[in-house]
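Bear in mind these aren't lab numbers, they're just calculated from the coordinates by the rules spelled out. Everything quoted here is computed from the prediction, not taken from an experiment. Quick reminder, even Gly has a Cβ in these numbers, built from the backbone with ideal geometry, and neighbours come from all protein chains shown.
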Amino acid sequence: MSITAKAESLSATITDAVSALAAETDSAKQDVTFRAWLMTMSRFYTYSFGNQLLIASQCSTATRVAGYGKWLEMKRQVRKGEKAIYILAPIISKGKELTTEDGETRRLRGFRAATVFDIAQTDGEELPKPPTHDATEGGDDLLPRVETAIRHAGIALVYKVIPCGAQGLSKGGTIEIDERQGIAAKCGTLVHEFAHELLHREDRSQGKQQRELEAEAVAYAVLTHYNLHPGSRFYLASYGITGEMLTASMQTIAKTARQIIEKIEAKGEGKEAEGGSALPLAA
Ligand SMILES: [Zn+2]
């Protein structure tokens, strides 16, 4: 196959993969496990960065925290003698003087101490499990190749235990991966974080939802190319991402997926084209 034919066939594979993912993501919302999980997650409050730090400093292993009453609602009881985790709850009141055209505004009056408990401090009914977005099989050959491609792009790679459920983190020049994942899942997480490094390291103007859309769709397209099948649809659906949104971002996803595949295929021989793709873009 000529280079152009190869590039065209790669572009077609990537576009097909993203189209399939768009359809899968829309249907993921009907999945019973996903709906049950989403329902539970909607009951957990998303804490501010400051409070996340407060929680981590008092309970470094905390994964899901909620107030005493909230745990009761979820049919779990805080065990006797468990030490509460202190956070700061904003005291908010409606301020007439701050009312804008689009309705009422709220005014921060201060903070009060509030207490929460981690799920590990409670007993009771099991919470629904998140549907996995991991590929479960394969990846033995791919893993070292992705690792090499990342290192050749000048990004440090650190395997460690990441608390609080994150599978990987893109820190700008460093990627951290939770070492407790299986091989196929590691491949997916690595490519996801690699995409964050390439796309969002300098430009963070996009919101979290769009950044996760791009990173996970790139991971899906790259893994599909290597015959691994990650369940990215659940991850995407959990961010409220739709098939339409994926299709709208096709160009960025396809370009980045191809860039990563080229880096993997370059086998660390310094062939990778820095700052762009050597292959023509799909029409
Ligand atoms: Zn991400």
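Some points to look at:
- With the convex hull of the Cα atoms taken as the outline of the chain, the averaged projected area works out to 18.4 nm².
- Relative packing of 221-232, 32-43, which averages over residues the other C-beta atoms within 10 Å, highest first: 221-232, 32-43
- Gained length - Ala36 relative to Arg180, 0.36 nm times residue gap less alpha-carbon distance: 49.3 nm
- In degrees, nearest ten, helix 142-152 long axis to first principal axis of the chain (Cα): 90
- Estimated at 0.36 nm per residue, the fully extended path between Glu125 and Thr63 surpasses their Cα-Cα distance by 20.7 nm.
- Here region 157-241 is treated as a Stokes sphere of Kirkwood radius computed over C-alpha pairs; at 37 °C and 0.692 mPa s its diffusion coefficient rounds to 252 µm²/s.
- Alpha-carbon radius of gyration plus Dmax, which is the widest Cα pair, for region 105-259 in Å: 17.6, 57
- Summing +1 for each Lys or Arg and -1 for each Asp or Glu among the other residues whose beta-carbon sits under 14 angstrom from that of Ile241 gives -2.
- Extension gain, Ala23 back to Phe44 (0.36 nm per residue minus Cα-Cα distance, nm): 4.7 nm
- Annotation: for a label point projected 7 angstrom from Cα along Cα→Cβ of Lys160, no residues of region 21-64 have a backbone N closer than 12 Å.
- Acute angle (nearest 10 degrees) that the helix 3-28 long axis makes with the longest principal axis of the chain, alpha-carbon atoms: 30
- Nearest-0.05 FRET efficiency for Ile3 and Asn227, computed from C-beta distance (R0 25 Å): 0.65
- Cβ-Cβ distance of Ala12 and Lys208, R₀ of 30 Å, FRET efficiency by 1/(1 + (r/R0)^6): the value works out to about 0.45.
- Our coupling estimate for region 68-77, obtained by passing each phi through the Karplus curve with A = 6.51, B = -1.76, C = 1.60 and θ = phi - 60°, is 3, x, 5, 5, 4, 4, 8, 6, 10, 10 Hz, Gly and Pro reported as x.
- The angle between the Cα long axis of helix 183-200 and the longest principal axis of the Cα atoms of the chain comes to about 90 degrees, rounded to the nearest 10.
- Region 48-96 and region 140-204 have Cα centres spaced 30 Å apart.
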